[in-house]
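> Pasting a structure below so you can have a look.
Just so you know, all these numbers are worked out from the coordinates, no wet-lab data involved. Please read all numbers here as calculations on a predicted model, not as lab measurements. Using ideal geometry, Cβ is built from the backbone for each residue, glycine included, and neighbour counts are taken over all protein chains shown.
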Amino acid sequence: MDKDPSGDDSAAGLSVEAEGPLAPPAEPPEPLPSYDRLLQGDRQRIFFLPSEAPGRPREQRSWSSVLEHRIPVVTEEVARQALLSFVNSKCCYGSTAAGSLVIRELRQQTLCRYRLETFSESRISEWTFQPFTNHTVDGPQRGASPSLWDIKVQVPPMFQEDTRKFQVPHSSSVKECHKCHGHGRYKCSGCHGAGVVRCPSCSGAKRKAKQSRRCQLCAGSGRRRCSTCSGRGNKTCATCKGEKKLLHFIQLVIMWRNSLFEFVSEHQPDCPGELLAKARGENLFTDENSTVYPIVDFPLRDISLASQRGIAEHSASLASRTRILRQRQTIELIPLTEVHYWYQGKSSVYYIYGTDHQVYVVDYPERYCCGCTII
Ligand SMILES: [Zn+2]
Ligand SMILES: [Zn+2]
Ligand SMILES: [Zn+2]
């Protein structure tokens, strides 16, 4: 008698998929009092946290001990070996030149690289829904939802980026699926609910043109089973996965991000800065804390200024919209050697950079392309 119409497989009363709204109603289910402010106007908003006041006293650092650090000298032998292994790693570079060029001068300098990493957390809230499958609903009757920053979550390891989603406690409610109007299914758009379509071979004429025999594909019926719905006339609603109801709730999206500020002290302009930024260096100094303080007294003024600039930039861009969890600043030594050489009456230069002796060469004299020398 009181048969649930949605349990019926017949397509009667179902709407075609395309007619259903694409999104849930613009107005989410009764806004929860504690989130009114947060969700006002827009469906998604970043929640701001007041920046934390710095409170750690500056400690006195002694640079004389760290600067005694020496980087091994690059000898002629090392310089040639570095070039040979570079050349051997490239298919179109010949090794004869690297083996026989005359090294005239090695100009070695040590650069300083400053890096600041800031690991921060930002929180966003948004309304979302999922098929309603379990029967426990954590709604507002269980209490007020905590504010976004009061929700305790497990923080990933420091400096490892991640994004995770959480259901805000006491924010759930159950509504009829807006896509299928609570039927769990909708009418198949391929056959408009009939389960059958016109036979593609005889176009419904039951026999082919100029042939007396009946159509073999449809056995003379003029119809074929609809392949979109396998003849059922309807399809399971993809929005509620056939569950008829949706659980609406506020989702908390937490993003942990690492921001990087990088500076390399003044160097030979012919060696690209982006190579030096990624070069392997020798660590001189590491300072890690919940917030770090600008280095003010490093003997190389550029590095002290970079530290002050980096910290100011990160605090300006991050502190107002995220929570800074951890900062790490490092100073590394990057060796850079300018190698001046002679080869077949021409003088030129290549560079060896990083503690692993990477090579940068602009006009290597023995390069081939498709078998032809392009000196
Ligand atoms: Zn169909
Ligand atoms: Zn047919
Ligand atoms: Zn549905």
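> List, largest first, the extents of the alpha carbons of the range 64-204 along their principal axes, each in whole Å.
Cα extents, longest axis first: 86, 65, 18 Å.
> From the phi angles alone, apply the Karplus equation (6.51, -1.76, 1.60; θ = phi - 60°) to the range 185-202 and give each ³J(HN,Hα) in whole Hz, x where the residue is Gly or Pro.
Couplings: 9, 9, 4, 5, 7, x, 10, 6, x, 7, x, 10, 10, 5, 5, x, 7, 9 Hz.
> What pairs in K175/K235; K187/K210; K90/K346; K175/K241 have C-alpha atoms more than 25 Å from each other? Before the final figure, lay out each step's value.
Working: K175/K235 21 Å; K187/K210 36 Å; K90/K346 22 Å; K175/K241 14 Å.
Among K175/K235; K187/K210; K90/K346; K175/K241, the Cα-Cα distance tops 25 Å for K187/K210.
> Once you put a point 7 Å from the Cα of R104 and another 7 Å from the Cα of L325, both along the Cβ direction, what distance in nm separates them?
5.6 nm
> Separate question: What are the residues whose amide H is under 5 Å from the amide H of G220, where those residues sit 5 or more places off or on another chain and H is modelled from the backbone?
Counting only residues 5 or more places away or on other chains, the set is C215.
> At 7 Å along Cα-to-Cβ for each site, give me the label-to-label distance between K206 and W342 in nm.
Roughly 10.2 nm, to one decimal.
> Looking at the square roots a ≥ b ≥ c of the eigenvalues of the Cα gyration tensor of the range 129-209, which shape do they give, rounded for a/c under 1.5, prolate if a/b is larger than b/c, or oblate?
Cα axes put the range 129-209 in the oblate bin.
> Suppose the chain between R257 and S89 were pulled fully straight at 0.36 nm per residue; how much longer would it get relative to their current alpha carbon spacing? Before the final figure, lay out the partial values.
Values: separation 168, 0.36 × 168 = 60.48 nm, distance 3.55 nm.
So the extension gain works out to 56.9 nm.
> If r is the Cβ-Cβ distance from L217 to V174 and R0 is 35 Å, what FRET efficiency results, to the nearest 0.05?
Plugging the Cβ-Cβ distance into 1/(1 + (r/R0)^6) gives 0.15.
> Output ³J(HN,Hα) for the range 327-339: one whole-Hz value per residue in order, computed from phi by the Karplus curve 6.51 cos²θ - 1.76 cosθ + 1.60 with θ = phi - 60°, and x for Gly and Pro.
Calculated HN-Hα couplings, in order: 10, 9, 10, 9, 10, 10, 9, 10, x, 9, 10, 9, 9 Hz.
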